[in-house]
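Have a look at the structure below before the remarks.
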Amino acid sequence: MSNAFVTLENLDKRYATHHAVKAINLDIQGGEFIALMGPSGCGKSTTLRLLAGLDQPTGGDIRIGGQSMRGIPAFQRDTPMVWQSLALFPFLSVVENVEFPLRMKKIGKQERRKRAMEWLDRLGLGSMAERGIAQLSGGQRQRVAIARSLVTQPSILLLDEPLSALDAHLRVRMQTELSRLHKELGITFVYVTHAQSEAFALADRIVLMNDGSIQQTGRPQDVYREPANAFVAEFMGMNNIISGKVSGHDEGKVRIDGPLGTFTVPTKTNSAKQDKASFVIAADRISLSSSPTGGTAAEGVTGSVIGIEFVGSTQTIFFDVKGKEFRVQKQQHEIDALDLTPGKELTLNWQPQHAWLLPEAA
Ligand code: ADP
Ligand code: MG
């Protein structure tokens, strides 16, 4: 038995028509900020609902603080949840909404009011305590929902895409606020999102799911730079995946032959006995030049420009490399210097140590 604060053990959920969570295993430490990520329908909300006790598993177990949650109803768990759709009571005032969980716990009126006001003050809503919910902005409502979840001083807070209904500007502000709260309170946050920027900004660890299974668990930078498989590499976005046959190995390296050429890729393990292999080269690890070679130590391919996508300070350039699309990220000033036009041929180079061999071939 692990000594993690929260343990999901072969946790499984089948609906009549769908196997939503497939025997997942996960340890969460006390005080961790975990982001559950993955495409829509991959089982994030289901996992959170199982944690909260709002839904019952069809297999496996959840332990919190060493105690099995089997048969323990939601209201007896210490796992409040904040949703995107806020589920605040429109007929109660702000402070009454925040007091509500304490009322359920039969805490006296004065004590209730005092604690609710403390949380409202803490979230900058003290002056709005008597207002109705309809008189608040989206961001203020989200803060009321957070205050209501924290007023019982839980040791875990579950958040299901809490910011997705807010506009971009407010979302960033609320991110900062959640991050601050997490640090101040020192409790465990399990945060569901499909937005990579949110997960990366907030989480100590990312849990990336697909089709009911966990694909990878790790620190944001590790999931980003060392994806476990092609799904993770693609989900992270700016990755180019190259596949081929293993044609040889050397100390800590494999040689991969494929339609795009022959490449040398570092490998941490010597498990490259497989005959097929794939590696990833991140879009920001590629340098561009108009000369055919990019220095003796570099690996590379030749491609022709398809187009450029402007997304802020960093731009993405799309290349055609023998029929395969490559993406390269550059700053605007670098792009200006290259004088790019569609059809222009360039060499795409990278340092061999920046190639990442996928543990599973694509
Ligand atoms: P996510 O939050 O990752 O978008 P969910 O956990 O909500 O995904 O859903 C996972 C899958 O389970 C989806 O395919 C969804 O349609 C299905 N599902 C969720 N709830 C139910 C239910 N009550 N009955 C049947 N299928 C469900
Ligand atoms: Mg969901």
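The values are calculated or read from the model by the stated rules, or taken from the named source; none is laboratory data. These numbers come from a predicted model, not from an experiment. Glycine also receives a Cβ, built like all others from the backbone with ideal geometry; neighbour counts cover every protein chain displayed. Remember, those area values only see protein heavy atoms, side chains included, never the ligands or the DNA or RNA. Shrake-Rupley method; radii C 1.70, N 1.55, O 1.52, S 1.80 Å.
Scanning the range 91-148 for residues being among the charged types (D, E, K, R) and not in a helix (DSSP H, G or I) gives a total of 4. Here GLY60, GLY65 are screened, and the one residue that is open to solvent by 40 Å² or more (accessible area, probe 1.4 Å), in contact (Cβ under 8 Å) with a residue 12 or more places away in the chain, farther than 21 Å from GLN140 by Cβ and under 25 Å from the mean Cα position of the chain (by Cα) is GLY65. Scanning the range 8-49 for residues that are on the phi > 0 side of the Ramachandran plot, surrounded by fewer than 19 Cβ atoms within 10 Å (Cβ to Cβ) and within 12 Å of ligand 2 (Cβ to nearest atom) returns a single hit, GLY41. Taking the listed residues ALA134, ALA165, ALA147, ALA129, the one that is surrounded by fewer than 20 Cβ atoms within 10 Å (Cβ to Cβ), within 23 Å of GLU198 (Cα to Cα) and touching a residue at least 24 places away in the same chain (Cβ under 8 Å) is ALA165, with no other qualifying.
As a summary of the residue check, PHE91 satisfies the conditions (1) within 16 Å of ligand 2 (Cβ to nearest atom); (2) under 25 Å from GLY139 (Cβ atoms) except for the one numbered (1). Can you find a residue that is assigned to a strand (DSSP E or B) and open to solvent by less than 50 Å² (accessible area, probe 1.4 Å) anywhere in the range 176-187? Checked the range 176-187: no residue is assigned to a strand (DSSP E or B) and open to solvent by less than 50 Å² (accessible area, probe 1.4 Å).
Among the residues making up the range 149-173, those that are outside any strand (DSSP E or B), closer than 25 Å to GLY41 by Cβ and hydrophobic (A, V, I, L, M, F, W, C) are LEU163, ALA165, LEU166, ALA168. State the number of residues belonging to the range 1-10 that are touching a Ser or Thr at 6+ places or on another chain (Cβ under 8 Å) and in a strand (DSSP E or B). The number of residues fulfilling the criteria is 2. Could you check how many residues of the range 60-80 are among the small types (Gly, Ala, Ser) and closer than 22 Å to GLN216 by Cβ? Count: 1.
Residue by residue, here is whether (1) within 16 Å of ligand 2 (Cβ to nearest atom); (2) surrounded by fewer than 19 Cβ atoms within 10 Å (Cβ to Cβ); (3) at pLDDT 95 or above holds:
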{"position": "LEU158", "(1), (2), (3)": "yes, no, yes"}
{"position": "VAL190", "(1), (2), (3)": "yes, no, yes"}
{"position": "ALA195", "(1), (2), (3)": "yes, yes, no"}
{"position": "ALA201", "(1), (2), (3)": "no, yes, no"}
{"position": "GLN215", "(1), (2), (3)": "no, no, yes"}
{"position": "ALA233", "(1), (2), (3)": "no, no, yes"}
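Restricting attention to the range 96-124, the residues that are in contact with a Lys or Arg (Cβ under 7 Å, 6 or more places away or on another chain) and more than 19 Å from GLY138 (Cβ to Cβ) total 6.
When ALA87, ALA74 are checked against the criterion of being without any contact (Cβ under 8 Å) to a residue 24 or more places away in the chain and closer than 21 Å to PRO162 by Cα, ALA74 stands alone in meeting it.
Looking at the range 278-348, the strands (runs of 3 or more DSSP E) lying wholly inside it that each contain 3 or more residues that are in contact with a Pro (Cβ under 9 Å, 6 or more places away or on another chain) sit at 299-310.
Does THR347 satisfy the condition of being open to solvent by less than 70 Å² (accessible area, probe 1.4 Å) and in contact (Cβ under 8 Å) with a residue 12 or more places away in the chain? It is true that THR347 is open to solvent by less than 70 Å² (accessible area, probe 1.4 Å) and in contact (Cβ under 8 Å) with a residue 12 or more places away in the chain.
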